[in-house]
Amino acid sequence: MSGDATAFSRNYRDLSRQQGTDAGFQFEFSCRRCHDTWRSPFEPYTSGRAAGWLQRGSGLAGRLLGSGNSYSLSRAADGLAGAGWGQARDEAFQRALTEVQRHFHRCARCTDAVCGRCWNVEAGMCLRCVPDTATEVQAARHRGLNREATRRAEEAGEGRAAGYDVDTPRQLVCPSCSTETRGGAFCHGCGHRLAQPAQCGSCQADLPAGAGFCPGCGSRAG
């Protein structure tokens, strides 16, 4: 893989810190296929660490000697941390790019940088461009199994459909307690009868819910 930044223009993070007692350089690279990451070894930035101690001293100077001395020390710390930072960072990044070549490969087809687990060694390309044959065959077998099992299940369902009552209206929500009934004859939440409407005792006509009289013969309901 090329040792320049173009291979990782979209999949690295700069974790470097310019100033402080933990100032230093570190970069995190990620695989474009599986997104696993690798971090370069941490390299301390001496000037930044010295600036961190100066910043701490500026706080003490402010308490003991006045704000003017504190400001001067703080400016000095900023200048010390900034001096040479850009060049030092670029050199550290180039060392990290050299090291990352041992952990990543750049695909000649899609140009993505991928880790060793996502690399087809035989083909010399990433597994997204050239999937592993054994893996693809196994996946295809399961796709065929699922497709055929689905077809047989549909046939079994079609066979059972002859005995399913499709004419009777079904209430999917109980009017008494609002429980979802799943088409049952009775509500499993409160026992309310759902499958058949109440019927007139005189003419057997269906009675609307809450009816006081039969709409077919006028007899009193109930």
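The values are calculated or read from the model by the stated rules, or taken from the named source; none is laboratory data. This structure is a prediction, so every number in the text was calculated from the model and none was measured. Positions of Cβ are backbone-derived with ideal geometry, glycine not excepted, and every protein chain shown enters the neighbour counts.
Yes/no matrix, rows are residues, columns are (1) within 30 Å of Trp38 (Cα to Cα); (2) touching a residue at least 40 places away in the same chain (Cβ under 8 Å); (3) in contact with an Asp or Glu (Cβ under 8 Å, 6 or more places away or on another chain):
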site	(1), (2), (3)
His103	yes, yes, no
Arg106	yes, yes, yes
Arg160	no, no, no
Gly163	no, no, no
Arg170	no, no, no
Cys177	no, no, no
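Got a sec? Which of Gly57, Gly20, Gly52 is in a loop (DSSP other than H, G, I, E, B), more than 30 Å from Val114 (Cα to Cα) and modelled with pLDDT under 85?
None of the others qualify; the one that does is Gly20.
Matching residues to (1) at pLDDT 90 or above; (2) β-branched (Val, Ile, Thr); (3) outside any loop (DSSP other than H, G, I, E, B); (4) more than 25 Å from Arg193 (Cα to Cα):
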position: Ala134; (1), (2), (3), (4): yes, no, yes, yes
position: Gln138; (1), (2), (3), (4): yes, no, yes, yes
position: Gly144; (1), (2), (3), (4): yes, no, yes, yes
position: Thr150; (1), (2), (3), (4): yes, yes, yes, yes
position: Glu155; (1), (2), (3), (4): yes, no, yes, yes
position: Arg170; (1), (2), (3), (4): no, no, no, no
position: Pro175; (1), (2), (3), (4): no, no, no, no
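Scan the range 142-167 for residues that are under 30 Å from Gly189 (Cβ atoms) and loosely packed, with under 10 Cβ neighbours inside 10 Å and jot them down.
Arg160, Ala161, Gly163, Tyr164, Asp165, Val166, Asp167
Does the range 119-136 include one or more residues that are in contact (Cβ under 8 Å) with a residue 24 or more places away in the chain and not assigned by the TED database to the domain that holds Phe29?
no
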